[in-house]
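Chemist: Sharing a structure with you now.
The values are calculated or read from the model by the stated rules, or taken from the named source; none is laboratory data. Note that this is a predicted model, so its numbers are computed, not measured. Cβ sites come from the backbone with ideal geometry, for glycine too, and all protein chains shown count toward neighbours.
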Protein chains: 2
Amino acid sequence: MVADGTRSRDILEAARTLFAERGYLGTSMKDIAAVLGIRAPSLYNHVGSKQDLLRAIMVDTMEALIAIHEEAVAVSEDPAEQLRAAVGAHVRYQATHAHDVKIANAEIWHLDEPARSQVRDLRRRYARAWRDIVDRGVQEGRFRTPPTQLATFTLMGMGVSLGNWATSETGLTDEELVEQYAELAVSLVLQPVAG
Amino acid sequence: MVADGTRSRDILEAARTLFAERGYLGTSMKDIAAVLGIRAPSLYNHVGSKQDLLRAIMVDTMEALIAIHEEAVAVSEDPAEQLRAAVGAHVRYQATHAHDVKIANAEIWHLDEPARSQVRDLRRRYARAWRDIVDRGVQEGRFRTPPTQLATFTLMGMGVSLGNWATSETGLTDEELVEQYAELAVSLVLQPVAG
DNA sequence: CCTACCGATCGGTAGG
DNA sequence: CCTACCGATCGGTAGG
């Protein structure tokens with residue numbers, strides 16, 4: 001159990017912030033309760049366990065990423081357009097849900113089974129969806145040939161660096177960020193290598 | 001104190017593996033000792049504290065990254081060549097020291113002051129060195145104009161995805177990986193955007 | 001929503 | 001290198 005009203009959503013929101021900043025193990029139920037101004041045991045009236053919070057965040061995030069990816073890909077039949085849209089959706093999600101994406105990437109090991117396998121499967125599904133766009137672009141002669149896989153990984157890494165290296169001091173709005181990354185992405189796969 | 005002989009290196013090596021897999025907080029001194037077949041208190045004959053292990057790993061890693069970067073950049077005056085060399089060195093280090101890089105990226109928050117500020121400074125220095133290459137390439141008219149900053153972040157993210165998304169199932173040797181990423185990198189900044 | 005409390009585990013020390 | 005042990009903190013329960 002993890003959802004039973006607004007109180008439960010507040011707990012999840014506090015958990016999101018703290019898990020992202022200090023990590024799952026670095027966050028205690030007491031820390032989460034403190035954000036809401038209550039005591040740790042009171043949390044258990046709303047959530048089943050600390051694991052439930054982590055599971056809800058990770059599963060929801062991966063499912064949301066897959067959903068917005070599929071939506072983005074549906075905008076066109078052209079692989080280049082699909083790529084632009086997919087990168088846009090990916091970066092936009094990362095900009096608006098930075099905490100969740102960080103948690104989803106960092107806390108796989110602290111997620112108990114069977115949820116861990118479930119999230120791993122969702123990850124694989126997401127990676128495959130990206131790979132499919134690039135592969136099809138190559139097959140149709142629109143993208144340059146290998147290294148397809150490395151290009152795919154690089155594309156999926158776009159925006160991650162924002163949380164890793166930048167202090168978000170780019171001076172760009174989220175939408176500018178989204179557009180510029182999308183352009184960068186197509187330029188990565190669209191053109192032949194120059195000597 | 002963190003180094004006093006081979007025993008100390010063995011402890012550091014065990015810590016590297018465990019910190020990377022389970023995280024700093026997810027690893028106990030008992031876990032580390034178990035790898036060496038001894039009891040947790042015995043570790044304190046060789047290392048000062050658990051924090052010392054984390055600090056040694058993170059500081060050494062960032063200093064090594066900066067050192068190989070400077071060495072790589074020195075190969076040429078041409079920004080494109082420098083970029084190729086820098087990406088090569090970066091990806092090569094990530095392939096051969098995957099654990100350390102993961103720790104350096106993930107455990108900043110669990111590193112106590114003043115080491116945390118020290119590592120943050122090293123990070124900034126490393127990021128600035130990358131930025132400098134890209135900036136100079138743009139100034140000299142060899143690279144396409146902005147988004148310079150996003151391109152830099154993307155370049156620095158190359159290879160990270162290997163640990164994040166791939167199960168290292170690319171079927172490439174480390175050196176092939178290095179070369180292909182380097183080519184990908186120059187293609188990212190070298191050419192004008194296509195409509 | 002609270003206090004009181006549980007068993008387990010943690011990093012680290014004492015003392016040999 | 002060990003055993004024995006410390007104070008602190010953890011997730012979670014009981015019982016109201």
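Chemist: Under 8 Å between Cβ atoms, at least 6 apart or on separate chains: pull out the pairs that start in region B:38-53 with a residue that is in contact (Cβ under 8 Å) with a residue 12 or more places away in the chain and within 14 Å of chain A (Cβ to nearest Cβ) and end on any residue that is assigned to a helix (DSSP H, G or I) and near DNA strand C (Cβ under 6 Å from one of its atoms).
Modeler: B:K50/B:M29
Chemist: Can you name every residue in region A:1-32 that is in a helix (DSSP H, G or I), away from chain B (no Cβ under 14 Å) and surrounded by 18 or more Cβ atoms within 10 Å (Cβ to Cβ)?
Modeler: A:S8, A:I11, A:L12, A:A14, A:A15, A:R16, A:M29, A:I32 - these are the residues of region A:1-32 that are in a helix (DSSP H, G or I), away from chain B (no Cβ under 14 Å) and surrounded by 18 or more Cβ atoms within 10 Å (Cβ to Cβ).
Chemist: Ok, one more. In region B:59-159, which helices (runs of 4 or more DSSP H) lie fully inside it and hold 2 or more residues that are more than 10 Å from chain A (Cβ to nearest Cβ), at pLDDT 95 or above and crowded, with 21+ Cβ neighbours inside 10 Å?
Modeler: Output list reads B:79-96, B:98-106.
Chemist: Turning to a different aspect of this structure: Looking only at region A:39-57, count how many residues are surrounded by 15 or more Cβ atoms within 10 Å (Cβ to Cβ) and more than 20 Å from the chain's Cα centre (by Cα).
Modeler: Within region A:39-57, residues that are surrounded by 15 or more Cβ atoms within 10 Å (Cβ to Cβ) and more than 20 Å from the chain's Cα centre (by Cα) number 4.
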